[in-house]
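Enquirer: One structure, as structure tokens, below. Some questions next.
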Amino acid sequence: MTGSGPVRPTGSAEDGVMRVLLSSVPSDAHTWNLVFLQLALEQAGIRVRNLGACVPTSSLLDAVDDWRPDVVVISTVNGHGYPDGRHLIGEFRARPSSRSIPIVIGGKLGIAGASDRHRIRELVRLGFDAVFPDDSDFVELESFLRSLPTTTAGAMRSERGPAC
Amino acid sequence: MSGRRRAVVTGASRGIGRAVAERLADEGFDIAFCYRSESESARDVAESLSRSGARVHHAACDVTDADAVGAFLGEAEREIGPFDTLVNCAGVVRDNPMVRMGIEEWNTVLDTNLNGTFHFCRSMVFGLMKRKGGAIVNVSSVAGVSASPTQTNYSAAKAGINGMSRSLAKEVASFGIRVNVVAPGFIDTDMTAEVSEKARAKTLESVPLGRVGEPYEVAELVSYLVSERASYITGQVLRIDGGITL
Ligand code: B12
């Protein structure tokens, strides 16, 4: 694990463990990206609920209401990430219950390979708190999660063994 | 990879492992190394690495025990930081013709050489994946690529390392991680010092270069393979054997 100790929660967690709702976008059938992220987040001491592939936005929003995560992480690699992300964030921010929940998106967002600065800025402008194109690594996501304001004082424990 | 590099070297209190650790420290790596049991030579190695300016973590670690490997790596990472390089050198021999080979001799060699290598690769590879880069070199043997009578256990373990490494190389290539194998022939170490004078002379007859190899020569190849100079090499088993397998 990089950084110092487990990542701390931003808000709602009662037991001091940050909760991340992990999901893909409606069109994306890939799953290993989600498995990878779930493992990596769990190693960082985070509790993860993984909604899997091809998640309708309505199901994502229901899961947010049901579980009240500290952060939502969207992963998509099929190349439709920019249009799907635009649509998703519109609905996410329009709903009062998810308006103030941090949400990030990452993966192979387009099909051009290299990251498209213009479209990344666009996703941020529409409401994503951060965008992680394919040339970023997990450590950057972990640093982002660490940078979120913390409200729970309790020290956090890692839910997995040592990670190198 | 930028900044100071960090390597884990197993079986580094002597022989090839020691030469590798010293060579990498000379090249500016910080080093965590382990060995079977605490010894004078381990402290010697630690001092020698520190003299090269490396930050060093060392401890005895039973490589056959997955939990012990996890604990060693957790401690090493806390002290030194996340690693980008792994060199597996820990190995033992228990030679015997198969008709006389005990189950214990078979298991010990498989457990240390093959399972030990697997334990370190498995514990470290996810970290390398998260950081999208790194290099692994597993030290095997020419016994893993050609016949070696009285070493069926050792041959099986080393051939296992070769296969495991090739498959792992393909599994993690898209994460910028390279996995290679170095297969040494007759190298002048404690392990080969146990060979009788007669057997030694006989083996040398079949080495086209006419001499045993030195640990530093193997370390040279390992240091190349973990460096950016070898950035297009992965999944290979490179023999360093004076031509003995030709
Ligand atoms: C396996 C695979 C499939 C399998 C998926 C099986 C499964 N159960 O997942 C199948 C065969 C089903 C498949 C289907 C398709 N695939 Co496909 N698939 C792949 C392949 C070969 C490997 C993906 C994988 O498992 N990688 C391993 C995971 C761990 O890595 P990853 O996905 O790259 O994710 C990493 C990063 O992107 C990053 N990351 C991802 N999300 C996030 C989020 C955050 C916040 C952060 C920080 C990081 C991050 O972290 C991960 C680890 O580093 C890739 C090519 C490749 N080599 O990547 C193509 C690939 C993803 N597929 C592709 C395509 C086009 C498709 C199809 C559209 C093909 C088609 N015409 O039908 C369909 C998709 C259908 C759909 N509805 O989505 C393209 C996408 C194009 C692009 N984005 O540029 C790729 C890149 C192949 C290519 N080179 O063209 N695919």
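The values are calculated or read from the model by the stated rules, or taken from the named source; none is laboratory data. This is a predicted model, so every value here is computed, not measured. As a convention, Cβ positions derive from the backbone with ideal geometry for all residues, glycine included, and neighbour counts pool all protein chains shown. The protein model used for the area step is the full one, side chains on, heavy atoms only, and it has no ligands, DNA or RNA in it. Shrake-Rupley method; radii C 1.70, N 1.55, O 1.52, S 1.80 Å.
Enquirer: With loop defined by DSSP as not H, G, I, E or B, and exposure as at most 14 other Cβ atoms within 10 Å, which is the longest segment of chain B clear of exposed GluC sites (Glu not before Pro)?
Expert: The segment B:39-193 is the longest one with no such site.
Enquirer: Let me ask another. Can you list the residues of segment B:61-96 whose accessible area drops by at least 10 Å² going from the chain on its own to the full set of protein chains, with a 1.4 Å probe?
Expert: So the qualifying set is B:70, B:73, B:74, B:77, B:82.
Enquirer: Non-local amide H neighbours of residue A:108 (under 5 Å, H modeled in plane, Pro and chain starts lacking H): which ones?
Expert: For residue A:108, whose amide H was placed from the backbone, the distant partners under 5 Å are A:76, A:77.
Enquirer: Per-residue mean of other chain beta-carbon atoms within 10 angstrom of the beta-carbon, peptide B:123-131?
Expert: Average neighbour count from other chains, rounded to a whole number: 5.
Enquirer: Using a cut-off of 10 Å between beta-carbons, work out the net charge of the residues near residue B:57 (Lys and Arg +1, Asp and Glu -1, residue B:57 not included).
Expert: -1
Enquirer: Of B:114, B:73, B:204, which has the largest mean-square fluctuation in a 10 Å C-alpha GNM of chain B?
Expert: Greatest mean-square fluctuation among the candidates belongs to B:204.
Enquirer: Here is a further query. For segment A:15-105, which whole-number percentage of the solvent-accessible area (1.4 Å probe, protein heavy atoms only) is attributable to carbon and sulfur atoms?
Expert: Heavy-atom surface of segment A:15-105 belonging to carbon and sulfur, 1.4 Å probe: 55 percent.
Enquirer: What lysines could a cross-link reach from residue A:108, if we take a straight Cα to Cα line under 17 Å and drop same-chain neighbours fewer than 8 places away?
Expert: List returned: B:130, B:132.
Enquirer: Something else about it: Using 7 Å Cα-to-Cβ label points, what is the residue A:32/residue B:170 separation (nm, one decimal)?
Expert: Distance between label points: 1.2 nm.
Enquirer: Report the B-A buried area as the accessible area lost on both sides summed, probe 1.4 Å, in Å² to the nearest 100.
Expert: Adding both sides of the contact gives about 1200 Å².
Enquirer: Choose one answer from B:37, B:13, B:123: the residue with the largest mean-square fluctuation in a GNM of chain B with alpha-carbon springs under 10 Å.
Expert: B:37
Enquirer: Using modelled amide H (1.01 Å from N, peptide plane; none on Pro or chain starts), what sits under 5 Å from the amide H of residue B:187, excluding residues fewer than 5 places away?
Expert: B:213
Enquirer: Would you mind getting the accessible area per residue of the protein assembly as shown, heavy atoms of the protein chains only, 1.4 Å probe, in Å²?
Expert: 45
Enquirer: Something else about it: Loop sites only, by DSSP: take the trypsin sites (Lys or Arg not before Pro) in chain B that have at most 14 other C-beta atoms within 10 Å and name the longest stretch containing none of them.
Expert: Between the exposed loop sites, the longest stretch runs B:5-210.
Enquirer: Could I ask something else about it? First select every other residue whose beta carbon is under 10 angstrom from the beta carbon of residue B:189; then total the charges, Lys and Arg +1, Asp and Glu -1.
Expert: Neighbour charge sum, excluding residue B:189 itself: -2.
Enquirer: Which FRET efficiency value, to the nearest 0.05, is calculated for residue A:136 and residue B:55 with the Förster distance at 30 angstrom and r the Cβ-Cβ distance?
Expert: Efficiency for this residue pair is about 0.60.
Enquirer: A further question follows. Lys and Arg at +1, Asp and Glu at -1: add these up for the other residues within a Cβ distance under 13 Å of residue B:37 and post the number.
Expert: 0
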